[in-house]
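Shown next, in structure tokens, is the structure this report addresses.
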Amino acid sequence: NTGLEWYLEIFKKIKEQYPHIHVKALTAAEIHFLSEEYNNSYDEIIDLMIEYGVDSMPGGGAEIFDEKVRKRICGGKVTSEQWLQIHKLWHERKRQSNATMLFGHIESRENRIDHMIRLRDLQDQTGGFNAFIPLVYQKENNFMKVEKFPTAQEILKTMAISRIVLDNFPSIKAYWVTSTVKLALLSQEFGANDLDG
């Protein structure tokens with residue numbers, strides 16, 4: 001039983017037992033990995049996901065779209081173009097997904113804006129994104145020695161700017177797990193209209 005079949009069977013069993021439950025599963029990074037591992041095209045994997053009961057896709061694996069930064073923080077993971085292509089294919093099947101952005105590490109403010117604009121452009125084409133979730137980087141316990149961490153003000157500004165840039169996204173979610181609950185609640189006054197985590 002391959003990894004791919006194992007996942008698909010789980011989705012199917014959930015749907016058989018609890019047909020009313022909405023299954024949100026497999027990030028673009030995971031779809032890319034499965035595609036390489038089992039020699040299937042993105043289209044084939046996406047069609048299998050739908051056949052086996054996946055309703056929507058989470059936004060993980062986007063990190064930051066700038067390839068130079070990507071190479072340093074997540075080299076070997078799905079590329080920005082592949083991430084966008086996978087979500088586009090998903091949207092073309094009239095399915096919705098979320099988008100994320102990991103910030104507060106080694107990226108510049110320009111990188112953040114570039115990331116948002118690329119998401120905005122795809123949303124203009126497909127309308128398939130349900131929410132944008134900016135994720136604050138966790139500087140503890142990892143290999144990147146990030147000295148300059150964004151202040152609460154910088155985080156709130158990033159939230160507010162994302163609400164302005166992504167005016168074609170229904171929701172901006174504050175992810176309280178990485179930003180703290182207090183800041184996530186405060187974010188609701190700075191453009192966010194939902195919580196995630």
**Message:** So, A192, is that one open to solvent by less than 70 Å² (accessible area, probe 1.4 Å) and either modelled with pLDDT under 95 or in contact with a Ser or Thr (Cβ under 7 Å, 6 or more places away or on another chain) (or both) or not?
**Reply:** no
**Request:** Test W90 against the criterion of being out of contact with any strand residue (DSSP E or B) (no Cβ under 6 Å at 6 or more places or on another chain) and aromatic (F, W, Y), and give yes or no.
**Result:** no
**Asked** Within the range 103-122, is there a residue that is open to solvent by less than 80 Å² (accessible area, probe 1.4 Å), more than 22 Å from I31 (Cβ to Cβ) and touching a His at 6+ places or on another chain (Cβ under 7 Å)?
**Response** no
**Item:** Members of the range 67-103 found to be in contact with a Leu (Cβ under 9 Å, 6 or more places away or on another chain) and at pLDDT 95 or above, listed by number
**Value:** L84, H87, K88, H91, A99, T100, M101, L102, F103
**Prompt:** Quick check: is even one residue across the range 138-147 crowded, with 18+ Cβ neighbours inside 10 Å and either more than 30 Å from E16 (Cβ to Cβ) or at pLDDT below 95 (or both)?
**Reply:** no
**Asked** Is it the case that the range 93-107 has a residue that's in a helix (DSSP H, G or I) and without any contact (Cβ under 8 Å) to a residue 60 or more places away in the chain?
**Response** no
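The values are calculated or read from the model by the stated rules, or taken from the named source; none is laboratory data. As the structure is a prediction and not an experimental result, all values here were calculated from the model. Heads up, the Cβs are rebuilt from the backbone with ideal geometry, glycines too, and the neighbour counts pull from every protein chain shown. In case anyone asks, the SASA skips ligands and DNA or RNA and just uses the protein heavy atoms, side chains included. Shrake-Rupley method; radii C 1.70, N 1.55, O 1.52, S 1.80 Å.
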